[in-house]
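One structure is given here, and the rest of the page talks about it.
The values are calculated or read from the model by the stated rules, or taken from the named source; none is laboratory data. Computed from a prediction, not measured in an experiment: that's the story for all the values here. Neighbour counts run over all protein chains shown; Cβ positions are idealised from the backbone, glycine included. When the accessible area is computed, the model is the full protein with side chains, heavy atoms only, and any ligands, DNA or RNA have been set aside. Shrake-Rupley method; radii C 1.70, N 1.55, O 1.52, S 1.80 Å.
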Amino acid sequence: MHKILALLSLLLFSSSAWAETLRITVLGDSLVQGYGLPQDQGLVPQLERWLNGNGAEVRLQNAGVSGDTTAGGAERAEWTLSDNPDGLIVLLGGNDLLRGLAPEQARANLALILQEAGTLGIETLLIGMKAPGNYGPEYKTAFDAIYPGLAAEFGAVLHPDAFAGVAAKAGGDPAAAQVYMQDDGIHPNPDGVALNVAALGPAALQLVKTIRQ
């Protein structure tokens, strides 16, 4: 009888643990912060709704700072993770691209963030950025390789392109893509965010699955 009760207790505990809401921090720049968007239409609230709509049971914490480079993200990684979230999503690199910073610098900074998360046992999703072609093919090749390389090195879940949703919808046509962008041509509007979230969602669900294993 005692063994049966113990087994029932274990099953109830396991079920409760599975249903527990996960806290996931999203570390990034203005794309995470929600620059130029209504409070409920940024990447973080839209992704949270998408995940919960797909049964994930999560609460996302917005740790986006407009203008942040990978160096800024690395500087605040320890503090950002001090409350020991269940998971981490990293979206940085856009401002490095805008400033033409060296890919090796960006890689080193992102590695510091992933290393900090790994030290704390926090599972991570790394979202990539694609370099524009105007910096030349060598720069683009080096920058684009940062994200898959780091994901493989640190065992992070990878979503290769933060703008994958808009890119797929626009079919590679810059004019078509502008429909989903704000006037600055850099930040997505609410419809653009929704497209990018739908593309990102499966990788975010994979992060949730990894955390719950």
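Table: residues versus (1) at pLDDT 95 or above; (2) of a type outside the set (Gly, Ala, Ser); (3) within 22 Å of TYR35 (Cβ to Cβ).
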{"site": "ALA152", "(1), (2), (3)": "yes, no, no"}
{"site": "GLY155", "(1), (2), (3)": "yes, no, no"}
{"site": "GLY172", "(1), (2), (3)": "no, no, no"}
{"site": "ILE186", "(1), (2), (3)": "yes, yes, yes"}
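Note on region 48-62: residues that are in contact (Cβ under 8 Å) with a residue 12 or more places away in the chain and either out of contact with any Pro (no Cβ under 7 Å at 6 or more places or on another chain) or part of a helix (DSSP H, G or I) (or both) total 10. Contact map, region 120-145: residues that are closer than 24 Å to ARG23 by Cβ paired with residues that are among the small types (Gly, Ala, Ser) and part of a strand (DSSP E or B), Cβ distance under 6 Å, separation 6+ or inter-chain. Pairs shown: GLU123/GLY87. If you go through region 168-192 and keep only what is open to solvent by less than 70 Å² (accessible area, probe 1.4 Å), touching a residue at least 24 places away in the same chain (Cβ under 8 Å) and outside any loop (DSSP other than H, G, I, E, B), you end up with PRO188, PRO190, GLY192.
Quick check on GLY93: is it more than 19 Å from VAL157 (Cα to Cα) and either under 17 Å from the mean Cα position of the chain (by Cα) or open to solvent by less than 50 Å² (accessible area, probe 1.4 Å) (or both)?
On the way: more than 19 Å from VAL157 (Cα to Cα): no; either under 17 Å from the mean Cα position of the chain (by Cα) or open to solvent by less than 50 Å² (accessible area, probe 1.4 Å) (or both): yes.
Here the answer is no, as GLY93 does not meet what is asked.
Residues that are out of contact with any strand residue (DSSP E or B) (no Cβ under 6 Å at 6 or more places or on another chain), buried (at least 21 other Cβ atoms within 10 Å of the Cβ) and among the small types (Gly, Ala, Ser) within region 104-130 comprise ALA106, GLY128, listed in sequence order. Considering only residues in region 41-86 that are closer than 20 Å to LEU101 by Cα and among the hydroxyl-bearing types (Ser, Thr, Tyr), the one that is least open to solvent (accessible area, probe 1.4 Å) turns out to be THR70. Of all the residues in region 131-166, those that are closer than 27 Å to PRO190 by Cα, surrounded by fewer than 17 Cβ atoms within 10 Å (Cβ to Cβ) and either within 16 Å of the chain's Cα centre (by Cα) or of a type in the set (Lys, Arg) (or both) number 1.
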